[in-house]
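**Student:** Quick one: the structure is below, and I'll ask about it shortly.
What follows draws every value from the coordinates through simple rules; no lab data is involved. Here the structure is a predicted model, which means the values were calculated and not measured. Heads up, the Cβs are rebuilt from the backbone with ideal geometry, glycines too, and the neighbour counts pull from every protein chain shown.
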Amino acid sequence: MITRRQLWALLALTLMWGVNWPMMKLSLQELTPLYFRASTMLLGALWLFAYVARGGERMRPSRTEWITIAWLGLPNVLGWHTLSIFGVQELASGRAAILGFTMPIFTVLLGAAFFNERITPRVRVAVLCAGIAIGLLLWHELQRLSGRPAGIAWMLGAAFCWSVGTLQFRRAHLTLSPMVVTVWMLLLGSLVLWVLALALEPVPSPGSFSLPLWLSLAYGVLINYGMAQLIWFGMARDLPPATSAMSVMAIPLVGTLSATFIVGEVPHWQDWVAIAFVMMAIGSVLWPSRAATPAPTASQ
């Protein structure tokens with residue numbers, strides 16, 4: 001039975017990660033995508049490292065665990081976080097969130113293809129719903145002269161990487177806690193992103209940053225990579241997997257609604273219908289059943 005405190009935590013997480021999508025879009029109005037991801041990820045990971053280390057967790061990986069952490073970080077951090085920020089740059093933030101949270105569908109399909117997980121009638125419904133949602137958004141982008149269908153490819157690639165990383169994480173043999181593993185993945189991933197940013201993008205001038213940009217960067221560090229991560233892992237430990245995973249369903253809706261107030265995006269009818277189909281798809285996969293599956297371990 002979910003407690004009132006857990007219910008409030010679930011609501012807070014949904015709001016934090018939902019609002020994060022337009023906050024990223026706000027940051028990208030002044031800052032290039034790789035520098036944005038590299039800076040917020042590094043500072044957020046350091047914040048998390050200090051917090052988790054104070055709790056007495058073992059923070060030092062063994063020699064073999066370093067290899068596993070680096071391998072897990074490729075899809076979970078470099079794949080998801082890098083491709084998704086390019087997707088947000090190209091698309092409306094609410095639309096990017098809708099596509100990003102098709103991840104559970106990819107997870108189920110990949111699990112069936114490579115790990116002999118059974119395709120149930122629920123999964124067939126989920127795939128159909130997700131396909132309709134993607135088709136609606138792609139149709140709208142192709143209709144517009146200034147449409148960004150490449151952004152859809154970025155976001156679907158990000159969702160695919162997240163699903164691959166989730167499957168790998170479930171099967172990894174580690175003695176460290178999932179929270180510590182995630183902190184190290186973020187630290188290592190941020191170093192790679194800094195190298196890419198320095199090589200591929202012009203160096204930003206912090207002196208020219210506006211107050212909204214500083215606020216959005218602080219949100220990314222303290223909320224997206226900080227408080228939301230702690231709430232997520234706390235729920236993953238304390239709640240049944242299906243219950244904590246159901247918070248995923250409302251994040252695209254919160255992202256779309258909040259984008260209207262934060263960056264002035266006006267959703268189209270295709271966005272609302274796509275949200276409905278994505279929520280139906282995720283719900284059909286994650287809704288509690290007799291055999292619940294573990295919740296995803298990756299993050300925003």
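**Student:** Taking 25 °C and 0.890 mPa s as the conditions, I'd like the Stokes-Einstein D for region 162-283 in µm²/s, using the Kirkwood hydrodynamic radius from alpha carbon pairs.
**Tutor:** Value of D from the Cα-based Kirkwood radius: 138 µm²/s.
**Student:** Hey, another quick one. Please compute the contact order of region 1-108 in relative form: average sequence separation of alpha-carbon pairs under 8 Å and at least six residues apart, divided by the residue count, as a percent.
**Tutor:** Over region 1-108, the number comes to 46 percent.
**Student:** For His173 and Ala276 in the same chain, what is the full-extension length gain: residue separation times 0.36 nm, less their Cα-Cα distance, in nm?
**Tutor:** Gain on extension, His173 to Ala276, equals 33.4 nm.
**Student:** In addition: Rounded to the nearest 0.05, what FRET efficiency do Ala150 and Ser210 have when you use their Cβ-Cβ distance and R0 = 22 Å?
**Tutor:** 0.20
**Student:** Here's a follow-up. Could you give the nm distance between label points at Glu201 and Leu222, where each point is 7 Å from its Cα heading toward the beta carbon?
**Tutor:** It is 2.2 nm.
**Student:** In addition: Please compute the length gained on full extension between Arg5 and Glu57, using 0.36 nm multiplied by the number of residues separating them and subtracting their Cα-Cα distance.
**Tutor:** Fully extending the segment from Arg5 to Glu57 adds 16.3 nm.
**Student:** Run the numbers on the chain and let me know its relative contact order in percent, using alpha-carbon pairs under 8 Å that are six or more apart.
**Tutor:** Across the chain, relative contact order equals 40 percent.
**Student:** Could I ask something else about it? When the chain is fully extended, how far beyond the present Cα-Cα distance does Val266 get from Leu191, taking 0.36 nm per residue of separation?
**Tutor:** Full extension from Val266 to Leu191 adds 23.4 nm.
**Student:** While we're on this one: If you keep only loop residues by DSSP, which trypsin sites (Lys or Arg not before Pro) in region 70-128 have at most 12 other Cβ atoms within 10 Å of their Cβ?
**Tutor:** Here the sparse-neighbourhood loop sites are Arg118.
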